[in-house]
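The values are calculated or read from the model by the stated rules, or taken from the named source; none is laboratory data. Nothing here was measured: the structure is a model prediction, and the numbers come from that model. Note: ideal-geometry Cβ built from the backbone for every residue, glycine included; neighbour counts use all protein chains shown. Please note that ligands, DNA and RNA were not included when accessible areas were found on the heavy atoms of the full protein model with its side chains. Shrake-Rupley method; radii C 1.70, N 1.55, O 1.52, S 1.80 Å.
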Amino acid sequence: MPDGSAPATLLLVGNAGPDLWRVFTTSPEFDDGHSDALDRWSQRVLTSIAEAIGAAAYFPFGGPPHLPFQQWAKRSEPLHPSPLGLLIHPRFGLWHAYRGALALGHAVDLPPCPPLPSPCESCRGRPCLTACPVGAFTGAGYDVGRCRAYARGPEGEGCRSGGCRARLACPFGQDAAYGSEQMAFHMRAFLEAAQ
Ligand code: B12
């Protein structure tokens, strides 16, 4: 909390599936030509909600140091780490992410979070680990440099326009997969992030 005290309740705000894209693409940030459009949109929208409800807003971007959004997420829903490092959701698979968190000074009665097994436990063949054209995901880690070098090159057109093939190969939550425009947007942001 702004006064340094620990929040009594932390509300994680995220997106699952393609719905966010329909709203975000109508926002001023989407095509104002400046970078980090989604982060700026998230900051504006969530900061105004935080002010309206007397909460403090926190964001997954702007680090390092980074706030542990995946650890918080694992406390909010039955999520598990996938071989790609992304958390896998029982309904949305790998197609979910976080826009921010709202910290409240008072406790809110939250529904229980029953444990569920990871979808990866019943996955045959783990296609996520063989789909990458340059084998950037090995289960032991993610070779970000190899991924970026390939995705930036002439052969990486498929990754840039269609999104990460390792993520796309996951058989779970495919009905929640982002559309190609959104995938290309996130890939562009991911590739521009390290320039
Ligand atoms: C640094 C970072 C990266 C780095 C390094 C990843 C890493 N080693 O953590 C890079 C640039 C590789 C990366 C890539 C991507 N990332 Co990223 N990343 C982050 C960021 C900003 C900080 C992670 C961190 O250090 N946290 C601090 C520590 C203390 O918190 P933590 O919970 O313990 O950290 C966890 C992660 O580090 C994770 N982890 C470890 N290795 C990897 C590898 C990958 C690829 C990921 C995603 C996570 C991950 O393990 C830790 C324990 O759970 C987080 C946001 C956040 N604030 O956490 C997003 C985050 C983890 N990323 C996210 C996403 C979606 C991606 C991309 C898919 C973006 C895209 N292209 O669309 C790509 C994945 C690659 C791909 N080919 O598609 C999401 C994950 C959502 C989910 N379902 O789990 C987050 C939470 C951001 C968000 N707004 O939701 N990312």
Could you check region 30-72 and list, in sequence order, the residues that are open to solvent by 40 Å² or more (accessible area, probe 1.4 Å) and hydrophobic (A, V, I, L, M, F, W, C)? 30, 45, 49, 52, 53, 61, 67, 72
Out of the residues in region 100-109 meeting the condition of being among the hydrophobic types (A, V, I, L, M, F, W, C) and in contact with a Leu (Cβ under 9 Å, 6 or more places away or on another chain), tell me which one is modelled with the lowest pLDDT. 108
Just to be sure before I move on: is residue 165 among the charged types (D, E, K, R) and over 28 Å from residue 45 (Cα atoms) in the structure I sent? yes
So is residue 46 more than 10 Å from the ligand (Cβ to nearest atom), under 17 Å from residue 7 (Cα atoms), free of Cβ contacts under 8 Å to residues at least 60 places away in the same chain and not in a loop (DSSP other than H, G, I, E, B) or not? yes
Need the failing condition index for residue 75 against (1) modelled with pLDDT of 95 or more; (2) in a helix (DSSP H, G or I); (3) surrounded by fewer than 16 Cβ atoms within 10 Å (Cβ to Cβ); (4) within 15 Å of the ligand (Cβ to nearest atom), just the number. (1)
Return the total of residues in region 20-33 being modelled with pLDDT under 95 and within 29 Å of residue 94 (Cβ to Cβ). 1
Residues being part of a strand (DSSP E or B) and under 17 Å from the mean Cα position of the chain (by Cα): count how many of those fall in region 78-126. 13
Are there any helices (runs of 4 or more DSSP H) wholly within region 127-195 with 1 or more residues that are touching a strand residue (DSSP E or B) at 6+ places or on another chain (Cβ under 6 Å), and if so which? 165-168
Selection within region 145-184 - within 15 Å of residue 133 (Cα to Cα) and exposed (fewer than 13 other Cβ atoms within 10 Å of the Cβ): 145, 153, 154, 155, 157, 158
